[in-house]
Amino acid sequence: MTEKKIPKDGLRTAMDDLKRVFRVSVPEANRIIYDFHREMVRGLSCKKSSLRMLPAYVDRPTGGEKGKFIALDLGGTNLRALEFELKGFGRSGKPKIMKFTLSKEEMDADSSRFFDFIAKSLKLFLKKEKIRDASALGFTFSFPVRQSGIKTGILVCWTKGFNVKGVIGRDVVGLLTKALIRNRIRGIDITALVNDTVGTLAAKAYSDRNCDVGIILGTGTNACYIEPVNNIIKIKSYGRYSSSNMVVNVEWGNFNKLKRTVFDDILDKDSANPAEQILEKMVSGMYLGELARIVLLHFNERGLLFSPTSRKILSKKGIFKTDHMSGIEGDSLYGLKTIDRLLNSLGIIGSTLSDRTAVKNICSIISERASRITAACTAAIITRMDPDLSRMHTIAIDGTLYEKHPNFSKNMRQCLIELLKGRASRVRISLAKDASGKGAAIIAAVAMKGAWRGAKICKTTES
Ligand code: ADP
Ligand code: MG
């Protein structure tokens, strides 16, 4: 088949249009900040909000916690088991880590099979590392959980494509405890249930007193920060919680006051959770590649990209991954040879240089929007805590998207500078690798000092 000659200005106009609809200008980012602040306040009271603002029943660690602790970190793609030694004075040992990959079957299983998988993985880890002593365990569970204490939490809904039956509305610590008993694992006491954002914040804050925000940019995306307890109006009584500050899990993946494109609507409609997790679908690793595929297909259907024979490949949901975007955007080789190789591996043969340049531009437009939305929401959280940026703030970020994407961190920093101007120098962003798991071990240690139970919280309705 001969390739249709593409009018150059057709592609240029389409690319300009794409840039325009995906652009997050400074006024738009400021509007995001305004809406984010409003949704935060509503979420902290009992009002309807797309931000769930879930209290974590824990404050930052002091850095003085000591001992060996076990953690289980359930992300969106992997389960990690680890042992972590805290030495006090903000110092810690090198963690022992074992990684297990979750299969689609586990993500769609019933509750007992799912928790048995976690328990069996822990058993393997304990055996490998010859851990026989009784241990406190922190459980990082990175899904929206409504907690009423540090070691209890009810699953609100699944995200990131999970659909394990019989867990929503139940206490995940109770379900894991039962699985430990079923699998004859003795001597493990689950002392803390921790969101991955909270673990990330705790891990960094253990050695850095300025750390007051934790962000995840991996399969999914979310953030937490420090709020004075008096502002968490929806907590009606604190039980035995005695600290004046508490970490709040924002669940920002569900923020929905964002300008969307037709491509976002297509992705959302075809997702496992339509109309939910709107920000996550514009920002996180699980969705960016798919969003790029939808745009590439659209360009192909308009005769602006590749030959028509590529359409069948581009129509396959999930074929294009976020790590492909990293490879594509990082290609600075003459003739964009890496992109050519990558397209070939997907079955797209014979691309022209113009095709490859267009693919690179499309990926950049999509990932830049993601990093600017992240920057705006980060600025919203910082200015909620400290409107004038009168002190230093360290933002701890964990997640492979932030770590591996060639431009994400740079674009996020650039947008923060545009929004906060000179005061942006008071914001330090720190990659906190594997922090979500380490932090769960730290919070298990914090929780040993006193378990908070019996808090009462009014039910919030999410929009
Ligand atoms: P989790 O979210 O499960 O805790 P990670 O933080 O490791 O785990 O994130 C995994 C996700 O990161 C993958 O699902 C994928 O979307 C994304 N990812 C993996 N490799 C890359 C890469 N090279 N560039 C950008 N994103 C990537
Ligand atoms: Mg993770």
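Helices in the chain, meaning DSSP H runs of at least 4 residues, each add -39500 (n - 2.57). Divided by all residues, the mean residue ellipticity at 222 nm is -13000 deg cm²/dmol. Solvent-accessible surface (1.4 Å probe) assigned to residue 178 amounts to roughly 110 Å². Which log10 I(q)/I(0) values, to two decimals, does the stretch 330-423 give at q = 0.11, 0.14, 0.17 Å⁻¹ under the Debye formula with one point per Cα? Calculated log10 I(q)/I(0) at the listed q: -0.45, -0.64, -0.80. Mean sequence separation of contacting Cα pairs (under 8 Å, at least six apart), scaled by the length of the stretch 272-376, corresponds to a relative contact order of 32 percent.
For the chain, what is the convex hull volume of its Cα atoms per residue in Å³?
Convex hull of Cα atoms, per residue: 143 Å³.
Summary value for the chain: 25 percent relative contact order, contacts being C-alpha pairs under 8 angstrom separated by 6+ residues.
Helix 353-385 and the longest principal axis of the C-alpha atoms of the chain enclose an angle of approximately 30°. Relative contact order of the stretch 123-276, taken over Cα pairs closer than 8 Å and 6 or more residues apart, is 19 percent. The stretch 156-230 and the stretch 318-359 have their alpha-carbon centroids 37 Å apart.
Evaluating 6.51 cos²θ - 1.76 cosθ + 1.60 at θ = phi - 60° for every residue in the stretch 264-273, the Karplus couplings come out as 5, 5, 4, 4, 4, 4, 8, 8, 6, 9 Hz, glycine and proline recorded as x.
Here the stretch 93-117 and the stretch 25-67 have alpha carbon centers that stand 29 Å from each other.
Rolling a 1.4 Å probe over the protein heavy atoms leaves residue 346 with an accessible area of roughly 30 Å². Here each label is just a point 7 Å from Cα along the line to Cβ, and for residue 237 and residue 352 those points are 7.3 nm apart.
So what's the stretch 187-333 giving for Rg/Rh, alpha carbon basis, Kirkwood Rh from the mean inverse pair distance?
Taking Rg over the Kirkwood Rh, I get 1.12.
Between the helical axis of 172-182 and the dominant principal axis of the chain, each derived from Cα atoms, what acute angle in degrees is found, rounded to the nearest 10? Value to nearest ten degrees: 70. Annotation for the stretch 279-373: trypsin sites (Lys or Arg not before Pro) lying in DSSP loop with at most 15 further Cβ atoms inside 10 Å of their Cβ are 302, 316, 317.
Translational diffusion coefficient of the stretch 98-196 (Stokes-Einstein, Kirkwood radius from Cα pairs, 10 °C, 1.306 mPa s): 114 µm²/s. Overall shape of the stretch 221-290 was characterised from the C-alpha gyration tensor. The equivalent ellipsoid obtained from it has semi-axes of 34, 11, 10 Å, in decreasing order. Between residue 245 and 229, the built amide H atoms are under 5 Å apart, and every one of these is 5 or more places off in sequence or on another chain. Within the assembled protein chains, the solvent-accessible surface assigned to residue 324 is about 30 Å², based on a 1.4 Å probe. Taking loop as defined by DSSP and a crowding limit of 13 other beta carbons within 10 Å, which trypsin sites (Lys or Arg not before Pro) in the stretch 22-62 fit? Passing both the DSSP loop test and the Cβ count: 23, 48. Between amide H atoms placed 1.01 Å from N, distances below 5 Å from residue 153 occur with 172, 173, 174, all of them 5 or more places distant or on a separate chain. Axis angle, to the nearest 10 degrees, between helix 26-44 and the longest C-alpha principal axis of the chain: 30 degrees.
Once the chymotrypsin sites (Phe, Trp or Tyr not before Pro) in DSSP loops with at most 12 neighbouring Cβ atoms within 10 Å are cut out of the chain, the longest remaining piece is 90-333. What whole-number value in Å² describes the accessible area per residue of the chain for a 1.4 Å probe? Per residue, the chain has an accessible area of 42 Å².
The values are calculated or read from the model by the stated rules, or taken from the named source; none is laboratory data. These figures come from a predicted structure and were not determined experimentally. We place every Cβ from the backbone using ideal geometry, glycine too, and count neighbours over all the protein chains shown. SASA here: full protein model, heavy atoms, side chains in, ligands and nucleic acids out. Shrake-Rupley method; radii C 1.70, N 1.55, O 1.52, S 1.80 Å.
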